[in-house]
1. Please verify whether region 20-36 includes one or more residues that are β-branched (V, I, T) and surrounded by 21 or more Cβ atoms within 10 Å (Cβ to Cβ).
2. Being part of a loop (DSSP other than H, G, I, E, B) and either open to solvent by less than 30 Å² (accessible area, probe 1.4 Å) or of a type in the set (V, I, T) (or both) is the filter here; which residues of region 80-109 pass it?
3. Among the residues of region 512-526, is any in contact with a Pro (Cβ under 7 Å, 6 or more places away or on another chain) and not acidic (D, E)?
4. Quick one: which of S343, S331 is within 21 Å of the chain's Cα centre (by Cα), among the polar types (S, T, N, Q), under 30 Å from W533 (Cα atoms) and open to solvent by less than 10 Å² (accessible area, probe 1.4 Å)?
5. Going through G290, G367 one at a time, which residue ends up being crowded, with 19+ Cβ neighbours inside 10 Å, at pLDDT below 95 and under 29 Å from R252 (Cα atoms)?
6. Restricting the search to region 110-138, which residues are aliphatic (A, V, I, L, M) and assigned to a helix (DSSP H, G or I)?
7. Does G141 qualify as being over 22 Å from E416 (Cβ atoms), open to solvent by less than 10 Å² (accessible area, probe 1.4 Å) and not in a strand (DSSP E or B)?
8. For residues that are within 26 Å of the chain's Cα centre (by Cα) and either of a type in the set (S, T, N, Q) or over 22 Å from V419 (Cα atoms) (or both), tally how many sit in region 85-98.
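The values are calculated or read from the model by the stated rules, or taken from the named source; none is laboratory data. If you're wondering where the values come from, they're calculated on a predicted model, not measured in any experiment. Every residue, glycine as well, gets a Cβ built from its backbone with ideal geometry; the counts of neighbours run over all protein chains shown. SASA here: full protein model, heavy atoms, side chains in, ligands and nucleic acids out. Shrake-Rupley method; radii C 1.70, N 1.55, O 1.52, S 1.80 Å.
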Amino acid sequence: MCGIWALFGSDECLSVQCLSAMKIAHRGPDAFRFENVNGFTNCCFGFHRLAVVDQLYGMQPIRVKKFPYLWLCYNGEIYNFKQLQKQFGFDYQTLVDGEVILHLYNRGGIEQTASMLDGVFAFILLDTANRKVFLARDTYGVRPLFKVLADDGFLGVCSEAKGLINLKHSTSLCSKVEPFLPGHYEVLDLKPSGKVASVELVKFHSCKDEPLHAACDTVEALPSAGFDLETVKSNIRILFENAVRKRLMAHRRIGCLLSGGLDSSLVAAVLLKLMKEININYPLQTFAIGMENSPDLLAARKVAAHIGSEHHEVILNTEEGIQAIEDVIFSLETYDITTIRASIGMYLVSKYIRKKTDSVVIFSGEGSDELTQGYIYFHKAPSPEEAAEESERLLKELYLFDVLRADRTTAAHGLELRVPFLDHRFTSYYLSLPAELRIPKNGIEKYLLRLSFEDSNLLPKEILWRPKEAFSDGIASVKKSWFSILQDYIDQQVDDLLLEKAAEKYPFNPPKTKESYYYRQIFEKHYSGRSSWLPHYWMPRWVKATDPSARTLKHYKSATQE
């Protein structure tokens, strides 16, 4: 996890522009480099490093003697760099996983490069010999990337939008800063002036398609095909374990977020099992956050005891959570309601990990709800086919919601996130299964995933079959949800008259509640005029919902009602 930043064709002094690169310093607390491009005095790279792999030679932009005309700045982890080296006979000059991008590009061009990378990534690749600039981002946008391209060909690229919004340029840039689309690469011509012109934007991978790199995966082919239940369950276990195993690549200590829900519990259990198998000689630290005796804390305690992790509990108090709201919104660069609610706990637990422990590489359960139909409203899906379509829509939009939350809240404290549920092979296999197999069954969401691990003894039965609890609700008490606590506080902060005129002040995605208005005010304070970064609010489908919390849906039953 690092922070990348680059400018091409800047008319302003680069030493002034460089100040914008410092806005993402939190992403790489270990080192910083600012480097001009030879022969292009108005082009430069900025890089903030979190040293996780090859601590000696990992600074960027990466340049190697074999390809003196290539410059690479990337944020991510490429899990199959050793397999690719073996398959194609690449001669690496460093231990950095990202070096494979240079070799792949030299061998087969940008299309093959992006398609063959098994991992999470956002990169800027400059080829001065052919006068090309390439941008690319992984399938689900696990690693963030923003760009701004002015009419005159000035290009700015950064891991977070905050590193671009204050750039100096002769024309206005504010409305043009936008997220780079996941699963895409862009080709740009580099002119002698240092300016660029976009040539094409190409989608190189869709979540349903088996990735091109599957051919050189550690699990080359599944032992059995077909959709009978036992075969499917076995394949799910094989691919999920493989997804966790490949993500063990790190020279820094590994930890795991643990809410006590199905997803994070499965990740933690498989992670600890594999760490023992490869003789990692330190205990796995797991981390839970919640108010005293909240459902998440109690469930996480059970899981930690069952798997034998070194467990840490962070007690959330209301005042601390409320005080963090503005910092969270600044980090997130969004005003989405449910994203902000869920981010407060994740932001504070990440802060604790950074300050109190030496864990840096943090595993988490993001992506499972979207992939395995884990949201409560999936019970209301009109048909298995519509549920499958909704699952794909959610996966495509992860970069706007849960993946955005997970990246920014951890990156704000210099941690690196790893999300095995979004492994390319695991997701493409799960989405290839018949729609009927993937829907909730017997009133239980994620039924197939739970069933696949039922006989594994990885988790206590009550955790494996624990109903869905939204992270922003599970951290609070059963009697009062976290969203209710936030709403009570905000009710005193926003006047009724302000809310009545909200649509006039904010015509795009107008706030409908005081809570939404409060978040929007803070967002506009930091990112004025950039509301289009969020195309729409996250809300459940097929139900008459006015709030995104699962606890407002009829299907949800709290323990006090049972």
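1. Yes, region 20-36 contains a residue that is β-branched (V, I, T) and surrounded by 21 or more Cβ atoms within 10 Å (Cβ to Cβ).
2. N80, F90, T94, V96, D97, G98
3. Within region 512-526, one or more residues are in contact with a Pro (Cβ under 7 Å, 6 or more places away or on another chain) and not acidic (D, E).
4. Sole residue among the options that is within 21 Å of the chain's Cα centre (by Cα), among the polar types (S, T, N, Q), under 30 Å from W533 (Cα atoms) and open to solvent by less than 10 Å² (accessible area, probe 1.4 Å): S343.
5. Residue meeting the stated conditions: G290.
6. The answer is I110, A114, M116.
7. Answer is no for this residue.
8. 1
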